Every structure is written in structure tokens, then in C-alpha cells.
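Peer 1: One structure is given below, represented as C-alpha cells, and several questions about it will come after.
The values are calculated or read from the model by the stated rules, or taken from the named source; none is laboratory data. It should be emphasised that the depicted structure is a prediction, and the values quoted were computed from it without experimental measurement. Heads up, the Cβs are rebuilt from the backbone with ideal geometry, glycines too, and the neighbour counts pull from every protein chain shown. Each accessible area value is taken on the protein alone, full model and side chains, heavy atoms only, with ligands, DNA and RNA left out. Shrake-Rupley method; radii C 1.70, N 1.55, O 1.52, S 1.80 Å.
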Amino acid sequence: MEKDFVYYTLLFDIYGNLLTKKQQDYFKEYYFNNLSLTEIAENYQVSRNAIHHQLKQVILKLENYENILHVALKNKKLESIIEEIQDKKLKEKLQNLIEM
């Protein structure tokens, strides 16, 4: 579960802007603010099932974006290559490029 949490928050950092505002809010509440589905539902005055459904849809969208674009995978590969670079200035420039 911890791996999923880290993976989905990484995907959200990359693709979150492609989600609707509501989906972004629900994701942040659940994954970043550690609220339960019930707490989120009460805060947004919707059913717990609606929150559950939206979060499932968000996960499917994030996974779909990654399956098509592979940005997270490419970043991971670049990070491992950067680790091997000795030139500090080049290493820093490449790390900054990944963080954009």
C-alpha cells in the first residue's frame, strides 16, 4: 500500500493538472491531508460512494496517462543516469530539468 501511495502521489505531481478541479481536490484530501472517504464526503456534501468512485477514476486516469506518456518512468531512468555523472554542473542542470 505504501508503494501505491508514493507512486500515485508521484503520478499526481506529474499529471494532476490534467484532472478536473474536483478530482484534484478529492485526491489531495485523501492522499495529502489523510482524510477518510467519510470525512471528504461530509466536507463536500456528497456521498461516500461518490468520493470512492471519483478517487478510483483519478487513479485510472493517472495510470492511463503514465501508460501513454511514460513521464514517471523516463524521469526514474534519467535520475539513475544522473547519479553516475561526475560533472557537478551538468548533474545539477539535469536534475533541475527533471524537476520542471
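Peer 1: Taking the condition at pLDDT 95 or above and over 18 Å from the mean Cα position of the chain (by Cα), does residue 45 pass?
Peer 2: Details: at pLDDT 95 or above: yes; over 18 Å from the mean Cα position of the chain (by Cα): yes.
It is true that residue 45 is at pLDDT 95 or above and over 18 Å from the mean Cα position of the chain (by Cα).
Peer 1: Collect the residues in segment 2-28 that are of a type in the set (A, V, I, L, M, F, W, C) and open to solvent by less than 30 Å² (accessible area, probe 1.4 Å), keeping them in residue-number order. Can you show your working first?
Peer 2: To start, the set of residues in segment 2-28 that are of a type in the set (A, V, I, L, M, F, W, C) comprises 5-6, 10-12, 14, 18-19, 27.
Selection gives 11, 12, 19, 27.
Peer 1: Tell me which residues, restricted to segment 29-58, are within 24 Å of residue 70 (Cβ to Cβ), out of contact with any Ser or Thr (no Cβ under 8 Å at 6 or more places or on another chain) and surrounded by 15 or more Cβ atoms within 10 Å (Cβ to Cβ). Step through it out loud before you land on a result.
Peer 2: Applying the first criterion (within 24 Å of residue 70 (Cβ to Cβ)) to segment 29-58 yields 31, 55-58.
After this cut, where a residue has to be out of contact with any Ser or Thr (no Cβ under 8 Å at 6 or more places or on another chain) as well, the list is 55-58.
Correct list: 55, 58.
Peer 1: Which condition breaks for residue 87 when tested against (1) more than 16 Å from residue 5 (Cβ to Cβ); (2) modelled with pLDDT of 90 or more; (3) out of contact with any helix residue (DSSP H, G or I) (no Cβ under 8 Å at 6 or more places or on another chain); (4) not polar (S, T, N, Q)?
Peer 2: Looking at each condition in turn, residue 87 falls short on (2).
Peer 1: Let me ask another. What are the residues in segment 59-93 that are open to solvent by less than 70 Å² (accessible area, probe 1.4 Å), out of contact with any Phe, Trp or Tyr (no Cβ under 9 Å at 6 or more places or on another chain) and within 27 Å of residue 25 (Cβ to Cβ), if any?
Peer 2: 75
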